[in-house]
Amino acid sequence: MLYALARPFLFSLDPERAHELALPALKLSGKIGAAALIGLPGKPIDGPHVQAMGLDFPNPVGLAAGLDKNAEFIDALATFGFGFIEVGTVTPRPQPGNPKPRLFRIPQAEALVNRMGFNNHGLDRFVANVKAARYDGVLGINIGKNFDTPIERAADDYVACLERVYALASYIVVNISSPNTRNLRQLQSGEELGPLLERIMKARGKQARATKRHVPLVVKIAPDLDPEALGVIAETLADRGVDGVIATNTTVSRQGVKGLPHGEETGGLSGAPLRERSTAVVRELARLLGGRMPIIGVGGIMSAADARAKLDAGASLVQVYTGLIYRGPHLVRDVVAGLEERTRSAPR
């Protein structure tokens, strides 16, 4: 496999530098039609179809937000075979994010720590990039607030983003769970979440009437919530008419990486150590929601078995990111194939 040959070189580089090299190279390969030559499907894999949020997903395996923050590589990433792609997080104004270094590999645990801080080129560049993409599959757009917007005015930023991306998105994700923007996770509290969603849902309704098109709204939550907080969030999402929930973002826990190089770096931990924690949140959310909205499970998916665990816990769809760094693009094909086998072997 080509990635197995490229990985040692990429892992010899600073993680963010490797990212900056790999995605443009992938984009170039797409432009010259090399997807088949390097063993990529080139289009969404026709796996177990999923109907959720009024959308048709050709397979249940998606790309999580964060890999393509500026929507620059949508067409290239589509060659992996994803059933859906999520881009962002985008903020209204451009921002550089946190100081470098801010991305760290922990190979012994198949994990990453990042404290990127919503670094992105802002809405204008983002919208132009989405419009230029040829991809016609399910596209999620993940929105956030600028780091210097006071928390009491966070809704202004989310509404500004929603209004600009509404016509371009298959679904929109409200990211209130990154640990790398100061006070952002405060928006998950009962006192903050209800009013925030009320503003956003009102703006969504206005856009739906203007465009005569319903775009589902999804909220992405953290894995570090206690049961009481999770219960409040579940009820608030359902009460406000949110269409779906993503569980979960990265964790501030260091379980599974303590004592390892870079294990104590500040930021959000992703990858294999997050797997059980995120699956537990999916399971509890499924119990609390009782089917009132679909759950997208993300966190630590390195194999088809990991994805099956998320679906068995109550997720309708799954997303990958860190697994791609460690296992390569063929992870998508392998997971879809494993889920197809699960579907065929399920009792009828």
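Side notes on the structure shown:
- Restricting the stretch 24-37 to residues that are aliphatic (A, V, I, L, M) and surrounded by 16 or more Cβ atoms within 10 Å (Cβ to Cβ), the residue that is modelled with the highest pLDDT: 26
- Sole exception among (1) in contact with a helix residue (DSSP H, G or I) (Cβ under 9 Å, 6 or more places away or on another chain); (2) crowded, with 20+ Cβ neighbours inside 10 Å; (3) within 25 Å of residue 84 (Cβ to Cβ) for residue 218, by number: (1)
- If the condition is being in a loop (DSSP other than H, G, I, E, B) and crowded, with 22+ Cβ neighbours inside 10 Å, then the stretch 295-313 contributes 299, 300, 301.
- Residue list for the stretch 225-253, filter: part of a helix (DSSP H, G or I), over 19 Å from the mean Cα position of the chain (by Cα) and within 21 Å of residue 214 (Cβ to Cβ): 236, 238, 239
- Qualifying residue in the stretch 186-207 (condition: of a type in the set (D, E, K, R), over 22 Å from residue 297 (Cβ atoms) and in a loop (DSSP other than H, G, I, E, B)): no
- Applying the set (1) over 20 Å from residue 244 (Cβ atoms); (2) under 20 Å from the mean Cα position of the chain (by Cα); (3) surrounded by fewer than 22 Cβ atoms within 10 Å (Cβ to Cβ) to residue 181 leaves exactly one unmet item: (3).
- Residue in the stretch 277-299 that is among the hydroxyl-bearing types (Ser, Thr, Tyr) and over 18 Å from residue 334 (Cβ atoms) present: yes
- The residue list 118, 80, 126 contains one member that is closer than 21 Å to residue 252 by Cβ and outside any strand (DSSP E or B), which is 118.
- Taking the stretch 314-332 as the range and being hydrophobic (A, V, I, L, M, F, W, C) and part of a helix (DSSP H, G or I) as the test, the residues that pass are 324, 325, 331, 332.
- Looking across the stretch 134-145, the residues that are crowded, with 20+ Cβ neighbours inside 10 Å and assigned to a loop (DSSP other than H, G, I, E, B) come down to 144, 145.
- Subset of the stretch 192-245 [out of contact with any strand residue (DSSP E or B) (no Cβ under 6 Å at 6 or more places or on another chain) and among the acidic types (Asp, Glu)]: 192, 198, 226, 228, 235, 239
- Among the candidates 279, 250, residue that is touching a Gly at 6+ places or on another chain (Cβ under 6 Å), under 22 Å from residue 142 (Cβ atoms) and either buried (at least 21 other Cβ atoms within 10 Å of the Cβ) or in contact (Cβ under 8 Å) with a residue 60 or more places away in the chain (or both): 250
The values are calculated or read from the model by the stated rules, or taken from the named source; none is laboratory data. What you see is a predicted model; the values in this text were computed from it and never measured. Cβ coordinates were reconstructed from backbone atoms using ideal geometry, including for glycine residues, and neighbour counts include every protein chain displayed.
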